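Each reported figure results from applying straightforward, stated rules to the coordinates on display, with no laboratory input. Model, not experiment: these values are computed from the prediction. Cβ coordinates were reconstructed from backbone atoms using ideal geometry, including for glycine residues, and neighbour counts include every protein chain displayed.
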Amino acid sequence: MKTITTNTDLGTYLVRLGDDNLILAQRLGEYIAGAPELEEDLAIANTGLDHLGIARHLFTLAGEIEGDGRSEDDFAMLRPERSFTNALLVEQPNTDFAYIMVRQLFFDAYQVPLWRRLSASNSTDLAGIAAKGLKEATYHLRRSSSWIVRLGDGTAESAMRTQAAIDGLWRYTAELVTSDDLEERLASSGLAPRSSDVASEWLSTIDAVLEEAMLARGSDPFQTFGGRSGIHTEYLGPLLAELQWMQRSYPGATW
Amino acid sequence: MSYDVPVAPGEEPVEIPSEGSKSHGWPLWEVFVRAKRGLNHTHVGSIHAPDAETAIQNARDGYTRRAEGVSVWVVRSSEIHASDDAASMFEPFEDKPYRHPTFYEIPDEVGQL
């Protein structure tokens, strides 16, 4: 399948980062008008739009590097499910508010050290995107952390639901901080870090938040992988159907 | 604290509590934004939030997302005490124009004050 990779390692990596951000943006967008408070609707929409903005930069840069004329829209709207290389975590559904915030905490704690390292990438274009991403992700982490503390240290109900979300999503966390051959090659040329380089910072961030929230790490030892090679959970297909149906139904439609 | 609801002729006035009501669990906070350094914080509106930290975050997302500010203050709405609208409160000042400093000449040498 041609579309799973671009013609360079860096392009393929940019699409991977872009997919993480695009899919999470779509998930957060789904929740608009569903939050328990108007203020939360606005905050979640803001967070989603931050992720969408980053995805647009990454896809555009990937298209430029590829030199094949693919635009950000081509990457977002015209690839099939098996071509998406986002981590499985970000496609997990908005089961409840606790799931949304735990998913966000897990992802934010990974994005902050990743963007910090990418700010020093040999690709100055990627370093520029990373510098913008780092500012946004730092705030996202502050917000998701403070929510997890409030939910964990809140009522018995909120603590129970938040622990359930941690346990339910824990199996998708190792994928975030596991590197593969692509990252090894990029790391050796100074273009990107290995995801495993951020593993210890990721875990110490999570542990600190969970301790303050009086919650525990997931106890399930099972970890699942596949997102980086296009093997997804059953939740990505319907998300893409909603995301892409307009361009699929009316190809090239603009307004 | 309560809001005054307009009362139509023949209607009984209704008092709606602004906080502590069962229909809305989060208290109201007033939001003040400083547009840039050197300017005062200005009241821009209000938001709901369960505590001060969350109130600041909600104010940030609600009122500064288009780069409107560099600093935010929040204060519980119930902590604000407002003047009443009695005629004796402000109307006495309406006929005292001499309290404006416009009744004497400023020498040219003074320049811009």
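For the stretch A:46-184, the equivalent ellipsoid derived from the Cα gyration tensor has semi-axes of 30, 17, 14 Å, listed largest first.
Compared with the dominant principal axis of the Cα atoms in chain A, helix A:156-169 is inclined by about 30°. Extent along the principal axes, Cα only, for the stretch B:25-100: 45, 33, 15 Å, with the longest axis given first.
In plain terms, the residue of B:Tyr63, A:Tyr250 with the fewest other Cβ atoms within 10 Å comes first and the most crowded comes last, giving A:Tyr250, B:Tyr63. Shielding by partners for peptide B:61-73, expressed as the average number of C-beta atoms from other protein chains within 10 Å of each residue's C-beta, is 2.
Report the far tail of the P(r) of the stretch A:133-255, meaning the percent of Cα-Cα pairs longer than 18 Å.
For the stretch A:133-255, the share of Cα pairs beyond 18 Å comes to 68 percent.
Rounded to the nearest Hz, the phi-derived 3J(HN,Hα) couplings of the stretch A:123-138 under the Karplus curve 6.51 cos²θ - 1.76 cosθ + 1.60 (θ = phi - 60°) are 7, 5, 5, 5, 4, x, 4, 5, 5, 5, x, 5, 4, 5, 5, 4, where x marks glycine and proline.
With bins 20 Å wide beginning at 0, the percent of Cα pairs of the protein assembly as shown falling in each bin runs 24, 47, 20, 9, 0.
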